[in-house]
1. Those residues that are surrounded by fewer than 24 Cβ atoms within 10 Å (Cβ to Cβ) and assigned to a helix (DSSP H, G or I), I need them from the range A:134-144; list them, please.
2. Please verify whether the range A:513-529 includes one or more residues that are more than 30 Å from A:VAL322 (Cα to Cα), more than 14 Å from every other protein chain (Cβ to nearest Cβ) and at pLDDT below 90.
3. If you check A:PHE85 against the conditions, is it more than 14 Å from chain B (Cβ to nearest Cβ), assigned to a helix (DSSP H, G or I) and either among the aromatic types (Phe, Trp, Tyr) or buried (at least 23 other Cβ atoms within 10 Å of the Cβ) (or both)?
4. For the range A:96-108, how many residues meet the condition of being at the interface with chain B (Cβ under 7 Å from one of its Cβ atoms) and either crowded, with 19+ Cβ neighbours inside 10 Å or touching a residue at least 24 places away in the same chain (Cβ under 8 Å) (or both)?
5. Given the residues A:VAL593, A:VAL612, A:VAL622, A:VAL603, which is the only one that is of a type in the set (A, V, I, L, M, F, W, C) and not in a helix (DSSP H, G or I)?
6. Which residue out of A:VAL113, A:VAL150, A:VAL129 is over 15 Å from the mean Cα position of the chain (by Cα) and in contact (Cβ under 8 Å) with a residue 24 or more places away in the chain?
7. What is the one condition in (1) crowded, with 18+ Cβ neighbours inside 10 Å; (2) within 14 Å of another protein chain (Cβ to nearest Cβ) that A:LEU725 does not satisfy?
Amino acid sequence: MSESGTQTRELPSPTIAVEAQESEHRRWTPKKIIVWGAIGLLGAVAWAMIAIVRGESINAIWFVFAAVCSYLIAYRFYSKVIERFITKPDDRRATPAEYAANGQDFMPTDRRVLFGHHFAAIAGAGPLVGPVLAAQMGWLPGTVWIIVGVILAGAVQDYLVLFFSMRRKGRSLGQMARDELGRVGGTAAILATLLIMLIIVAILALVVVNALGESPWGVFSVAMTIPIALFMGCYLRFWRPGKVTEVSIIGFVLLLAAIIGGQFVSQSPVLSEVFTLDKLTIAWLIVVYGFIAAVLPVWLLLAPRDYLSTFMKIGTIVMLAVAIVISGLVGKAMINAPAISEFAGRDDGPVWSGPLFPFLFVTIACGALSGFHALIASGTTPKLVEKERQTRLIGYGGMLMESFVAIMALVAAFSIDRGIFFAMNSPASLTGGTPETAAAFVNGLGLTGVNVTPEMLTATAESVGEESVISRTGGAPTLALGLSQIMQQLTHSGLTAFWYHFAIMFEALFILTAVDAGTRVARFQLQESLGNFLPRFRDTSWKIGSWVCTAIMVLGWGAILVLGVTDPLGGINTFFPLFGIANQLLAAIALSVCLAIAAKGGVRRWLWIIAVPLTFTTVVTVTGSLYKIFSPVPGVGYFAQNAAFRKAIADGKESFGTAKTPEAMAAVVRNTAVQGTLSVVFVVLSVIVIAAAVVSVIKTLRGVSSPSSEEPITTSETFAPAGFLPTPREKDLLGEWESRAPEKLTAGGGH
Amino acid sequence: MSTPAASWSLRRLGVGLGAGWRYLKAVLGEDRYDGYLAWHRSHGKGAPMTAAEYWRSRTDHQEAHPEGRCC
């Protein structure tokens, strides 16, 4: 900053005057009125089509219109209210990217680029999987929760965490909790974050295992992503440093080759034997992979894989959006399923058990409200934001995009036959695993309009190049099937199997990237915590320490993964609620920290904007946890299940319910004990954090709290517009900067 | 191609594709070295790192500062 001190020349203003911002925002020109009127009208018509008109079948395009119009209105009006009354960004203040710039992680980044970057960091397989599993309840509850939830909860959380972390030099959620909530609340938050991260990684890995089990094609093409990433890493390190787009395209072409090669593998008698692995073997391979990936140098595996994953994420999501819109417009994407399914009023659905409230709201986590985002929105992104006012676009807007991904996944899940959906997503203990038994089971569910034949199930498996599609739980295979049906209509029917495996491959790629990164982040957190007792562990470059901590973390999620894979009750249907509850509890923790910070910042009347989603998610997760802990229905309550199986063992039974052997019965006892204990620990830790936040807010209201830990103000010496497109006044000011101090502006992004 | 309207729309298409390409590169982080050079011009001392050195330092930095990736 030494040069700026000696500079005598006067710089233009770092911000548009507040009054000018207001008048620009509030002036309703005829053009603006027409545009927003049209958006409102289209949105209203779309919602009417979804909620009221719906006949035998409904065109998927209405879901797209309802979602996009709602997002635009929420962004334009509601996020503006949050900006005005809670965050109150001030572009005269320099962001950490400006005052702490270091050419590495603190670097001002063009807002549109950062939007894409942040979106790629928060979105993954989560929003693709949850809506698929929630399809059990019909499409209306899921659609309403995804859209309303993101507007009032998910995007609010992401925006606030991003903003508050930016005001604190990119501090992590755990650090903010410790600063604002004191020792007890802070420690509970850090511990909860660590445990929740483990469970999330474990269950994401379980989704991959379920998608790859007994699938030589899938195993081959996903395994090939590892040598491809290693090649890309060497390419970037030794041959063409920094050419990340070039290497991503090379990697992408190699991935396509791996998918095509997978077909030959699945057809060759010898190779298909080699690559047909049972789920337990795959689980162990992922555990070993997770450890190696976390201790290998970043440049060799993690960084190239991340480039490939980002490239695929943006590419496939754009492709999916285009495909759904086109097939909707030409009337090919029709949904033939009831809006509210027979299972909505029951608690014994085969895909996951428990009543709609609260379990729908935890099954769809990512896409509506995801606590995990708070870990990205604090830490990485806030160090790259150029100007304070841009956080609304990046935080709130980025989450709206993820919600749209969830809506697309929902549409894809409903584009397949309902009978096939239940055959794919019910555990093998119910379907029996053969086409005949599965068809009999699904038809026996008594669902209107469902009549599945064994031939249909066999033909579906054949069309995607798989041995079987029965009990391919976890959501990923269902999404892949839906996507392949949409894509083959637009391309060629012979490509169904290609598109199916393309979808499996990118879901696995996203998840494995999250597994690598999650393990590393968790390892650093553990080292930091252990460092409080054994100072040596603080040194993250200490090899033995890092290996020990990595091993602990991998064993932590690996153990849960193996329990899930070997679970006689089906794995996903008992473990997925735990994933959702963990994710939403993390959201409750993040929102509590935001509530405490906002109160300290002087917000009073408008605290309800945070309190409402916080209360909702607390009620949902605590009720969900209480069901899981105390419900007397064995299918719902972990301890009820545990007691039932222990009694059966004590009575000397050789098999009980879906567990056919004494070993399986012992496994159920063990699994339910672990799941139940985890539920208790999560909910206790989260309640401690929420209580600490409420105490902090009360102290603030009585004027006895410690001050908030915001960084001191530094004056900004740069300018950039706040939204995607600059407003007329922003254009004028930008022009002034370009002519008088162009070196102060962030390059790139294109104008 | 021959009509002005056609060549105008082709040019627009080219501009659009070019912008999309630049955007993709930026989102993947390819222009970070340029960002580093800009930072170095205003804050750095001595000669800036070469591209190869910078990318090495970047992965070394990532080694010590892991970034999460979400579900």
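The values are calculated or read from the model by the stated rules, or taken from the named source; none is laboratory data. Since the structure is predicted, the reported quantities are computational estimates derived from the model, not experimental observations. Positions of Cβ are backbone-derived with ideal geometry, glycine not excepted, and every protein chain shown enters the neighbour counts.
1. A:LEU140, A:PRO141, A:VAL144
2. yes
3. So A:PHE85 fits the description; yes.
4. Matching residues across the range A:96-108 total 4.
5. Of A:VAL593, A:VAL612, A:VAL622, A:VAL603, the one residue that is of a type in the set (A, V, I, L, M, F, W, C) and not in a helix (DSSP H, G or I) is A:VAL603.
6. Sole residue among the options that is over 15 Å from the mean Cα position of the chain (by Cα) and in contact (Cβ under 8 Å) with a residue 24 or more places away in the chain: A:VAL113.
7. Of (1) crowded, with 18+ Cβ neighbours inside 10 Å; (2) within 14 Å of another protein chain (Cβ to nearest Cβ), only one is false for A:LEU725: (1).
Condition check ((1) more than 30 Å from A:LEU585 (Cα to Cα); (2) within 14 Å of chain B (Cβ to nearest Cβ); (3) in a loop (DSSP other than H, G, I, E, B); (4) not β-branched (Val, Ile, Thr)) across all residues:
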{"residue": "A:ALA644", "(1), (2), (3), (4)": "no, no, no, yes"}
{"residue": "A:ALA648", "(1), (2), (3), (4)": "yes, no, no, yes"}
{"residue": "A:THR672", "(1), (2), (3), (4)": "no, no, no, no"}
{"residue": "A:VAL694", "(1), (2), (3), (4)": "no, no, no, no"}
{"residue": "A:VAL697", "(1), (2), (3), (4)": "no, no, no, no"}
{"residue": "A:SER705", "(1), (2), (3), (4)": "no, no, yes, yes"}
{"residue": "A:SER709", "(1), (2), (3), (4)": "no, no, yes, yes"}
{"residue": "A:GLU730", "(1), (2), (3), (4)": "yes, no, no, yes"}
{"residue": "A:TRP737", "(1), (2), (3), (4)": "yes, no, no, yes"}
